């Protein structure tokens, strides 16, 4: 199911939670079966339970980091490319 969602979703979604002061970057909706792994420096990754692929990253203390002008290093390897629909039309 989650793999199908990832394939249908083109892009990343960024959501800020002001109560938890965290930024969530997702490639598919969060679901209960996802596994959680610490990435260090107040970050969590939510993983696909079958493939082990990262489906979401949560960065805590986001507003504090932003106010301090801190760079945020996320220790993952990513291949990013534009959706083919960009610029069409």
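Conditions tested, residue by residue: (1) farther than 21 Å from residue 81 by Cα; (2) part of a loop (DSSP other than H, G, I, E, B); (3) at pLDDT 95 or above.
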site	(1), (2), (3)
5	no, no, no
10	no, yes, no
16	yes, no, yes
29	no, yes, no
32	yes, yes, yes
49	yes, yes, yes
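Within the range 16-34, being surrounded by 12 or more Cβ atoms within 10 Å (Cβ to Cβ) and without any contact (Cβ under 8 Å) to a residue 24 or more places away in the chain holds for one residue alone: 17.
The values are calculated or read from the model by the stated rules, or taken from the named source; none is laboratory data. Only a predicted model underlies this, so the values are computations on that prediction, with no experimental measurement involved. Glycine gets a Cβ as well: all are built from the backbone with ideal geometry, and neighbour counts include every protein chain shown.
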